[in-house]
Amino acid sequence: MATHRVDGFDAPAEGDLTTVEVDGAEVGVTVVDGQVYAFDDECTHAACSLADGELEGGAVVCPCHFAKFDLKTGAVLDGPAMRPLGIWQARLVDGALELER
Ligand code: FES
């Protein structure tokens, strides 16, 4: 399991979406009910940026064809995506974002 630390991270406001770069790949980050969530910022359907999408409760909805993914598990809640989304374990520690998976 690899841990990545993003120092000086400005957590998004509740319900906002942002991205950070980890090893050259974009990771989407959001906060829902005070909990930070992180996920691969590439829809498993046709690679659109999920950070350009919207939140719906504990799910992120792709802006391109509206696939919906559970932020905790990455499970597909609505198609057309078939494959689950890659999820990171995320926490805020002393002004830094720590990501692990
Ligand atoms: S690219 Fe996300 S639903 Fe098609």
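Quick notes on this structure:
- Rounded to the nearest whole Hz, the Karplus-based 3J(HN,Hα) values (6.51 cos²θ - 1.76 cosθ + 1.60, θ = phi - 60°) of segment 69-85 follow the sequence 10, 6, 5, 7, 10, x, 4, 6, 9, 7, x, x, 4, 10, 9, x, 8, with x at glycine and proline.
- Restriction of the trypsin sites (Lys or Arg not before Pro) in segment 1-99 to DSSP coil positions whose beta-carbon has at most 14 other beta-carbons within 10 angstrom yields K72.
- Accessible surface of the chain [probe 1.4 Å, protein heavy atoms]: carbon and sulfur percent: 45
- Mean accessible surface per residue for segment 3-100, computed with a 1.4 Å probe while every protein chain stays in place, in Å²: 52
- Fluctuation leader among G57, G86, G24 - the chain, Gaussian network, Cα springs under 10 angstrom: G24
- Applied to segment 18-28, the Karplus parametrisation 6.51 cos²θ - 1.76 cosθ + 1.60 on θ = phi - 60° returns per-residue 3J(HN,Hα) values of 9, 9, 10, 9, 10, 6, x, 10, 7, 10, x Hz, with x for Gly and Pro.
- Counted charge near G74, where neighbours are those whose Cβ lies closer than 11 Å (Asp, Glu -1; Lys, Arg +1): +1
- For E56, the amide hydrogen comes within under 5 Å of the amide hydrogens of V61, counting only partners 5 or more places away or on other chains and with H modelled in the peptide plane.
- Residue of G28, G53, G79 that the Gaussian network model of the chain assigns the largest fluctuation, springs spanning Cα pairs under 10 Å: G79
- When the residues H4, H45 are ordered by accessible surface, computed with a 1.4 Å probe over the protein chains alone, the sequence from largest down reads H45, H4.
- V76 - accessible surface, heavy atoms, 1.4 Å probe, Å² rounded to 10: 50
- Among G34, G15, G74, the largest mean-square fluctuation in a Gaussian network model of the chain, built with springs joining Cα atoms closer than 10 Å, belongs to G34.
- Phi-based couplings in Hz for segment 62-67 (Karplus 6.51, -1.76, 1.60; Gly and Pro marked x): 5, x, 7, 10, 6, 4
- Largest to smallest in accessible area, the residues C64, C43, C48 fall in the order C64, C48, C43 (1.4 Å probe, all protein chains included).
- Distance between segment 12-28 and segment 62-101 - C-alpha centres, whole angstrom: 11
- Amide H contacts under 5 Å for C48, placed H, 5+ residues apart: C43
- Rounded to the nearest 20 debye, dipole of the chain from Cβ charges on Lys, Arg, Asp, Glu: 380
The values are calculated or read from the model by the stated rules, or taken from the named source; none is laboratory data. Just so we're clear, the structure is a prediction, and the values are computed from it rather than from any experiment. Cβ: placed from backbone, ideal geometry, glycine included. Neighbour counts: every protein chain shown. Remember, those area values only see protein heavy atoms, side chains included, never the ligands or the DNA or RNA. Shrake-Rupley method; radii C 1.70, N 1.55, O 1.52, S 1.80 Å.
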